[in-house]
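Participant: Provided herewith is a single structure, encoded as structure tokens, for subsequent inquiry.
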Amino acid sequence: MRALWVVLATIMLAGPAAAADKFRVWSTSIPKNHVLSNAQVFNGFGCKGDNISPALAWKGAPAATKSIAITVYDPDAPTGSGWWHWIVYNLPPTTTSLDEGAGSGKASLPAGAGQGRNDYGQSAFGGACPPPGKPHRYIFTVFALKTDKIDVDANASAALIGFMLNANKIATARMTAHYGQPPKS
């Protein structure tokens, strides 16, 4: 009987944490060293990349998930508030991947999904384009949400959408990539 109680106590204590530990995200477009390639670099602001959103896949979202959202954020941008590169929301809970180019118009998003306005002013993926110097971090976050729809205006800011995502999140999975431009001589 004691063994049963130990097993039950372990399950109860580890249950939510164990479920959250299983929720993970990865990309077949981003190399294992997590350095973004020219494909994920912005084409503008002095950068000459392909501006293609990477393929993303995830697994382990909690069973109670009613929708999925994705953000890409650079906390190292010299703005005082970071830089939002991509915001996708209202993905069906059965979605477990996005094809390369889904945020760039080269592949499609699932029906009903929306894209928020990034800090380039576009409702699409906006690639990396840090100033020359130290590489920046690009945090890809997949949100499992307790609501089936984030109801925001098409012109909503990334901060407003981020507020809605955080207010409705059940769990998150994160992956950090890096990119830097060499210092100008």
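Participant: Pairing the Cα long axis of helix 158-168 with the longest principal axis of the chain, what angle in degrees results, from 0 to 90 and rounded to the nearest 10?
Facilitator: Relative to the chain, helix 158-168 is tipped by roughly 10 degrees.
Participant: Compute and list, largest first, the equivalent-ellipsoid semi-axes of the chain from the alpha carbon gyration tensor, each √(5λ) rounded to a whole angstrom.
Facilitator: Sorted largest first and rounded, they come to 32, 19, 15 Å.
Participant: Report, in degrees rounded to the nearest 10, the 0 to 90 angle that the Cα long axis of helix 2-22 makes with the longest principal axis of the chain.
Facilitator: Helix 2-22 sits roughly 20 degrees off the main axis of the chain.
Participant: Here's something else I'd like to know. In square nanometres, what is the average projected area of the Cα convex hull of segment 43-109?
Facilitator: Computed as one quarter of the Cα hull surface, the answer is 5.7 nm².
Participant: Once you have the Cα-Cα distance between Ala57 and Thr96, take 0.36 nm times their residue separation minus that, and quote the gain in nm to one decimal.
Facilitator: Using 0.36 nm per residue and subtracting the Cα-Cα distance, I get 13.5 nm.
Participant: Run through every distinct alpha carbon pair of segment 134-185 and return the Kirkwood hydrodynamic radius in angstroms, one decimal place.
Facilitator: Radius from the Kirkwood sum: 13.3 Å.
Participant: Starting from one equal scatterer on each C-alpha and no solvent at all, send me the Debye-based log10 I(q)/I(0) for segment 91-146 at q = 0.20, 0.29, 0.30, 0.31 Å⁻¹, two decimals.
Facilitator: -0.92, -1.39, -1.41, -1.42
Participant: Okay, moving on. Under a Cβ-Cβ cut-off of 15 Å, what is the net charge of the residues other than Ser37 that fall near it, where Lys and Arg count +1 and Asp and Glu count -1?
Facilitator: Every neighbour counted, the sum reads 0.
Participant: Per DSSP H run of n ≥ 4, the term is -39500 (n - 2.57); total these for the chain, divide by its residue number, and report the mean residue ellipticity at 222 nm rounded to 500 deg cm²/dmol.
Facilitator: Calculated at 222 nm, the ellipticity per residue is -5500 deg cm²/dmol.
Participant: Mean-square fluctuation check for the chain, GNM, Cα pairs under 10 Å: which of Gly133, Gly162, Gly114 is largest?
Facilitator: Greatest mean-square fluctuation among the candidates belongs to Gly133.
Participant: Summing Lys, Arg as +1 and Asp, Glu as -1, what charge do residues with Cβ under 15 Å from the Cβ of Phe125 carry, Phe125 excluded?
Facilitator: So the surrounding residues net to -3.
Participant: As a test of reading the structure, rank Thr176, Thr28 by solvent-accessible area (1.4 Å probe, protein chains only), most first.
Facilitator: Order by accessible area, largest first: Thr28, Thr176.
The values are calculated or read from the model by the stated rules, or taken from the named source; none is laboratory data. The structure displayed is predicted, hence computed values, not measured ones. For neighbour counting, all protein chains shown are included, and Cβ atoms are generated from backbone atoms with ideal geometry for every residue, glycine included. Quick note on the areas: whole protein, heavy atoms, side chains included, nothing else; ligands and nucleic acids left out. Shrake-Rupley method; radii C 1.70, N 1.55, O 1.52, S 1.80 Å.
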